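Novice: Take this structure, written in structure tokens, and hold onto it; I'll ask about it next.
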Amino acid sequence: MHVPFLNLRAAHDPLRAELLAAIGEVIDTSAFAGGPFVAKFEADFAAFCKSEHAVGLGNGTDALWLSLLALGVGPGDEVITVPSTFLATAEAITYAGAKPVFIDIEEDTYTMDAALLEKAITPRTKAIIPVHLFGQVADMDPIMQVARKHGLPVIEDACQAHGAEYNGRAAGSIGDTGCFSFYPGKNLGALGEAGAVVTNSAELKQKIQMLRDHGQSRKYYHAVVGWNARMDGFQGAALQIKLKHLAKGNAARREHARRYDELLGNVEGVVIPQVARGRVHVYHIYAIRVQGRDSVLQTLASRGVSCGIHYPVPVHLQEAYRSLGYARGSFPVAERCADEFLSLPMFPELTSEQIEYVGREVSKVVGESK
Ligand SMILES: Cc1ncc(COP(=O)(O)O)c(C=O)c1O
């Protein structure tokens with residue numbers, strides 16, 4: 001049997017006619033950059049995220065970067081985040097002119113350890129970016145408490161957490177802004193590149209709308225220096241259609257995760273993901289932890305099970321960030337996790353036969369590797 005890590009074709013085949021018709025409408029109305037299809041998606045996505053506003057953008061990195069700019073973060077400032085994330089979280093901070101400052105993650109949820117937050121705050125700290133890694137919301141109550149005590153804004157990196165929940169609140173709706181990526185492999189994926197910010201602040205919405213469109217207050221009148229970070233019309237049209245299937249897809253992922261948990265929960269040498277109280281996980285990634293991860297991955301590949309690694313090198317140890325001066329040992333939990341994470345196949349259309357096969361093969365390979 002061959003089990004792919006991801007199968008986008010399986011998600012798009014049943015929607016093909018609807019997607020093609022929507023693409024046709026965009027062509028017929030020439031609504032290519034921004035426009036009514038993007039506006040309709042923004043309204044739908046804001047409602048889905050239980051937020052007042054959504055602003056459609058070119059990608060998730062834009063969402064993080066423009067959130068920082070709209071909140072006034074700039075040169076000389078520090079922004080606290082975690083090293084267990086995709087590089088974009090830190091890149092956005094760097095491109096705002098600020099310095100990323102990392103704190104370690106919790107060993108069980110793999111998200112920001114709120115107990116370490118206050119100690120990392122300095123007079124230069126201007127914002128905090130928790131990352132909802134793999135689809136589980138970080139522990140937002142204590143993070144927001146510390147942030148509010150110090151008058152700091154919070155930007156949620158919800159790029160992997162469309163539809164996740166924290167004590168009944170939607171991912172992205174808890175901080176000052178919530179940032180989403182619609183990269184094709186995400187739980188809500190575009191037919192290309194796209195992203196969005198959600199917010200309950202009319203002022204931040206307006207600033208980000210301006211920043212995404214060259215800082216224009218009206219056509220050819222530029223109030224600030226912005227950028228071109230608009231969402232294109234094809235993506236707005238496609239995302240409107242795909243959003244209608246997101247909740248069902250997330251529920252399927254949770255069901256697959258439950259079965260993986262049953263199959264692997266008692267296997268010696270395998271650590272399964274933990275879901276903290278009050279949280280609804282959306283399993284963008286189902287990552288287990290194993291010793292000898294690289295050889296386990298190779299052996300599984302030879303038996304038809306395609307896995308991934310998210311991410312092999314934590315951000316503080318990436319060559320791109322050598323100048324920050326961190327070393328191995330700076331963030332022991334993030335480093336241990338990066339050595340051990342193994343992402344199993346996860347997408348809504350996985351069949352139960354595929355899940356049973358993956359579960360069996362993982363138990364066998366981990367057993368053999370001892
Ligand atoms: C945690 C995280 N942050 C930011 C991003 C950046 O999003 P994009 O690739 O759409 O720019 C991603 C997506 O890959 C991500 O997973």
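Novice: Give the residue from Ile105, Gln216, Thr89 lying farthest towards the positive end of the charge dipole for the chain; charges sit on Cβ (+1 for Lys and Arg, -1 for Asp and Glu) and the dipole is referred to the Cα centre.
Specialist: Going by the Cα projections, it comes out as Gln216.
Novice: Rounded, prolate or oblate: which one fits the range 162-243, using the alpha carbon gyration tensor with axes a ≥ b ≥ c (rounded when a/c is under 1.5, else prolate when a/b beats b/c, else oblate)?
Specialist: Note, shape of the range 162-243 comes out oblate.
Novice: Continuing with this model, one more query. Between Gly168, Gly236, Ser330, whose Cα lies farthest towards the positive end of the dipole of the chain when Lys and Arg beta carbons carry +1 and Asp and Glu beta carbons carry -1, centred on the Cα centre?
Specialist: With unit charges placed on the Cβ atoms, the residue in question is Gly236.
Novice: Which of the lysines could a cross-linker span from Lys205 if the Cα-Cα distance has to be under 20 Å and same-chain partners fewer than 8 positions apart are dropped?
Specialist: Lys40, Lys50, Lys126, Lys219
Novice: A further question follows. Most exposed first by the Cβ proxy, i.e. fewest other Cβ within 10 Å, how do Val305, Val3, Val275, Val79 rank?
Specialist: Ranked by crowding around the Cβ, least crowded first: Val275, Val3, Val305, Val79.
Novice: Further question on the same structure: Starting from the Cα of Lys244, draw a straight line to each of the aspartates and glutamates and keep only those under 17 Å, dropping any in the same chain fewer than 8 residues away.
Specialist: Asp13, Glu18, Glu42, Asp44, Glu349
Novice: Take every DSSP beta bridge whose two residues both sit in the chain, then give the antiparallel share in percent to the nearest 5.
Specialist: 65
Novice: In Å, what is the Rg of the alpha-carbon atoms in the chain, and how long is Dmax?
Specialist: Radius of gyration, then largest Cα-Cα span, for the chain: 20.5, 67 Å.
Novice: As a footprinting exposure proxy, order Cys159, Cys49 by other Cβ within 10 Å, with the fewest listed first.
Specialist: Cys49, Cys159
Novice: Let me ask another. Can you tell me how much longer the chain between Glu118 and Ser369 gets when fully stretched, taken as 0.36 nm per residue apart minus their C-alpha distance, in nm with one decimal?
Specialist: This chain segment gains 86.2 nm when fully extended.
Values in this text are rule-based calculations from the coordinates and carry no lab data. Here the structure is a predicted model, which is why all the values come from computation and not from measurement. Glycine also receives a Cβ, built like all others from the backbone with ideal geometry; neighbour counts cover every protein chain displayed.
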